[in-house]
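Heads up, the thing below is written out as structure tokens.
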Amino acid sequence: MVAETEKGCTQKYIVKNYFYYYLFKFSAALGEEIFYITFLPFTYWNIDHSVSRRMIIVWSIVMYIGQVSKDILKWPRPLSPPVVKLEMRTNAEYGMPSTHAMAATAISFSFFIATMNQYKYPFELGLAAAFVFSTLVCLSRLYTGMHTVLDVIGGALISAVLLVLLYPAWDTIDHLLLTSPFCPLVSIVVPLVLCYNYPKLDYYSPTRGDTTTILGAAAGATVGFWLNNQYAAPAHTGTSAQPGLPLASSAVVFVLARFFTGILVVLLARWLTKSAVLAVLGCRYQFPMGDLQARRRLEVEVPYKFVTYSCVGFTATVLVPLLHQLLGLM
């Protein structure tokens, strides 16, 4: 197989253990958009709204701090060669801290903390599952050559500290997001300000775009949470999918139906919104939709990604549950 180095050269490597190769390639995907756009909505549609809200709040705060830290510290990734890098998209980013490690730690342990008092399952089992999940993602960053040990340890520790600091305020933040009349305004304005004032680099890095994606999705979801609470939308409590209880075949069917219906609608909303926003911005700034360099400009990247993923978050929390209710899947 072949990997590309920083200098654009190709570097050949041989996979000697396919179990580790596919295990860590899969584990690395657990810290990327494909995981966020499936697992976070899944918890909202099938487990518990309150659990999902807390996870999204923690995830967005942790990821913003992690992404900004990268571009402030500017610690390089491992050199290739001698390291063989199995991913190229994130190679333009700096290394410290590992946001994969931060996200995995934040999501797994916030899920564990939020569910341990609501569902009946062994404490040790939940703790072990959170530890294994985060460890696999952390190890995957070493295996794929994207981070040093220090990057991974630093990311996990920063995430753990943020979890400890945020936990006492979870209920207060959640209550304000659901009840404050200023929630929709704050949820949109604050993330936009943060995105437009993201640390500037001498060259293009995907960190600003990724940060805008995360904050946009969280903003749209937060507005959705607020609207659902204002209009007393039915909250899914996960009674049909409690951990530790055998699921009836009918419950499994409903879970899968909610998930696949929801994902199709979310992906459709993302595609339609992205196409519409890029078309508008293309007319405004005079560039074709396929112009990658133009889409990297601040005045284009921030609005197109923020609007697109705000729509994704709003669709997942408001429109999809309404569709589930209409189809009798609640």
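The values are calculated or read from the model by the stated rules, or taken from the named source; none is laboratory data. Model, not experiment: these values are computed from the prediction. Cβ sites come from the backbone with ideal geometry, for glycine too, and all protein chains shown count toward neighbours. The protein model used for the area step is the full one, side chains on, heavy atoms only, and it has no ligands, DNA or RNA in it. Shrake-Rupley method; radii C 1.70, N 1.55, O 1.52, S 1.80 Å.
List of remarks:
- Calculated mean residue ellipticity, 222 nm, the chain: -22500 deg cm²/dmol, from DSSP H runs (n ≥ 4) at -39500 (n - 2.57) each, averaged per residue and rounded to 500.
- The apolar share of the surface of the range 21-176, taken as the fraction of accessible area on carbon and sulfur atoms (1.4 Å probe, ligands and nucleic acids excluded), comes to 76 percent.
- Summing Lys and Arg as +1 and Asp and Glu as -1 over all other residues whose Cβ lies under 10 Å from the Cβ of G282 gives a net charge of +1.
- Length gained on full extension, Y18 to K74: 16.8 nm, using 0.36 nm per residue less the C-alpha separation.
- Near D171: Cβ cut-off under 12 Å, other residues only, Lys/Arg at +1 and Asp/Glu at -1. The net charge is +1.
- Spin-label pair F39-K200: with each label point 7 Å from Cα along the Cα-Cβ axis, the two points sit 3.6 nm from one another.
- The chain, accessible area per residue, ligands and nucleic acids excluded (1.4 Å, Å²): 49
- Proximal charge balance of R54 [Cβ under 10 Å; K/R count +1, D/E count -1]: -2
- Relative to the 2.2 N^0.38 Å rule of thumb, the chain has a C-alpha radius of gyration ratio of 1.02.
- Ordering of 65-73, 218-226, 42-50 by packing is 218-226, 42-50, 65-73, highest average first (other Cβ atoms within 10 Å, averaged per residue).
- Student exercise, the chain dipole from Lys, Arg, Asp, Glu Cβ charges, in Debye to nearest 20: 520
- Using the average count of surrounding beta-carbon atoms within 10 Å as a protection proxy, the listed peptides 102-108, 139-145 rank, highest first, as 102-108, 139-145.
- Charge dipole of the chain about the Cα centre (unit charges at C-beta), most positive-ward option of V83, L127, L157: V83
- When both the range 91-138 and the range 144-185 are represented by their alpha-carbon centers, they are found 12 Å apart.
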